[in-house]
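The values are calculated or read from the model by the stated rules, or taken from the named source; none is laboratory data. Because the structure is a prediction, the values reported are computed rather than measured. Here Cβ is always computed from backbone atoms with ideal geometry, including for glycine, and neighbour counts include all displayed protein chains. The accessibility values were calculated without ligands, DNA or RNA, using every heavy atom of the protein model including side chains. Shrake-Rupley method; radii C 1.70, N 1.55, O 1.52, S 1.80 Å.
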Amino acid sequence: MSRPPAPLPLWPIGPERGLPLAGIAGARFSEALGADGQLIAAADLAPDLQGRLSARRPDLCGLPLDRPRIMGILNVTPDSFSDGGDHARRADALARARALVAEGAEILDIGGESTRPGAQAVPVAEEIARVVPLVAELRAAGLSTPISVDTRKAEVARAALAEGADMVNDVSALGYDPDLAHVVAEAGVPLCLMHAKGSPAEMQDAPRYSDVTAEVWDMLEARIRAAQAAGIDRAKLLVDPGIGFGKDLQHNLTLLRALPVYHGFGLPLLLGVSRKRFIGTIADVAAPKDRVPGSVAVALAAAQQGVHVLRVHDVSDTRQALRLHRAMMGQDE
Ligand code: HH2
């Protein structure tokens, strides 16, 4: 299927019009924009596309996806681009996990391998040693917040799931480790498929697309099919256009404007923009930790477009912004 028309989100002023947008309470659309620029009334879209664009998504790890959810990032790496080394010691990681939950993180995304541009792969044993005892300790300490393991590797995912992780976030969309799909299928857990072009080591060496929105669509569609062929239930999948993964500034902006296109899969959308380089470039802010206002601005724009999960470092800032956004949408806390 080539990429379908993109629903145009409505700011909720006046009487409710059109169809619900991706099952987000208060969000609607009455028109969609076709790939060739034509406007199509929501009522004139094919019924199956109408359904995919507007249906409520299945709950994620027990969280209803009728509002954007906050995924707090916990990198237990020495070299992540914005917080590398901050939580490499176990005690610091445990404290950070608790702080993220206290600030309002609804899912924790724990990663033991940096995928920043230029990063080299981490050996499996090393990644397991960074991530898995931390998951076990968090569960032993009674933490009940859902945990996502951010890994491309089957063995890391298997070990983390065995210790109580609830989902897998794969920045290679099953393109790195052929066994990961089977681990996820067997465990029956949710899986985020993120688009990346190339591997972290060389992905920012002049990435090229003729139509980035369509190419990201096509790759995600192929990976959804591959996941299903491996026995993963489609209802367990999330998709993510992979901001900054083999994309230059213009590619990132094009994708951020086109986010509603990806509602055409009928799946939850996850987005990770927090502190990323394009924010520093546009706002002229060199230090990743100083990019919070820009990160929150993009998160809100994404929420407005019906994104279901926002992957962020700065949880309390994002939560405050989302609470105001919900109030403006006429929705209760
Ligand atoms: N971005 C990063 C890592 N994992 N997962 C998804 N689904 N989407 C993303 O955009 C995404 C991701 C990179 O950010 P970070 O974890 O902060 O840095 P690093 O890879 O250097 O650890």
Residues of the range 205-215 being in a helix (DSSP H, G or I) and without any contact (Cβ under 8 Å) to a residue 40 or more places away in the chain, in sequence order, are 215
Checked pairs for the range 31-43, first touching a residue at least 24 places away in the same chain (Cβ under 8 Å) and in a loop (DSSP other than H, G, I, E, B), second open to solvent by 50 Å² or more (accessible area, probe 1.4 Å) and not aromatic (Phe, Trp, Tyr), C-beta under 7 Å and 6 or more apart or across chains, list as 35/3
All-but-one check, residue 170 against (1) modelled with pLDDT under 95; (2) open to solvent by less than 10 Å² (accessible area, probe 1.4 Å), failing number (1)
Item to complete: Report yes if residue 166 is in contact with a strand residue (DSSP E or B) (Cβ under 7 Å, 6 or more places away or on another chain) and under 22 Å from residue 277 (Cβ atoms), otherwise no.
Response: no
Taking the range 84-114 and keeping only residues that are aliphatic (A, V, I, L, M) and touching a residue at least 12 places away in the same chain (Cβ under 8 Å), one is left with 88, 93, 94, 97, 100, 101, 105, 107, 108, 110
Within the range 189-223, the count of residues that are surrounded by fewer than 22 Cβ atoms within 10 Å (Cβ to Cβ) and in contact with a helix residue (DSSP H, G or I) (Cβ under 7 Å, 6 or more places away or on another chain) comes to 4
Per the filter on the range 63-79, residues in a loop (DSSP other than H, G, I, E, B), away from the ligand (no atom under 14 Å from the Cβ) and either in contact (Cβ under 8 Å) with a residue 24 or more places away in the chain or touching a helix residue (DSSP H, G or I) at 6+ places or on another chain (Cβ under 7 Å) (or both) are 65, 66, 67, 68
Taking the range 80-133 and keeping only residues that are open to solvent by 10 Å² or more (accessible area, probe 1.4 Å), more than 30 Å from residue 64 (Cβ to Cβ) and part of a helix (DSSP H, G or I), one is left with 90, 91, 92, 124, 125, 126, 128, 129, 130, 133
The lone condition residue 201 fails out of (1) over 20 Å from residue 22 (Cβ atoms); (2) at pLDDT 95 or above is (2)
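Conditions tested, residue by residue: (1) within 16 Å of the ligand (Cβ to nearest atom); (2) under 22 Å from residue 314 (Cα atoms).
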| site | (1), (2) |
| --- | --- |
| 106 | yes, yes |
| 112 | yes, yes |
| 119 | yes, no |
| 127 | yes, no |
| 135 | no, yes |
| 143 | no, yes |
| 152 | yes, no |
| 158 | no, no |
| 161 | no, no |
Within the range 1-57, the count of residues that are among the β-branched types (Val, Ile, Thr) and surrounded by 11 or more Cβ atoms within 10 Å (Cβ to Cβ) comes to 2
Checking 185, 173, 201 in turn, the sole residue that is farther than 15 Å from residue 248 by Cβ, within 15 Å of the ligand (Cβ to nearest atom) and over 19 Å from the mean Cα position of the chain (by Cα) turns out to be 201
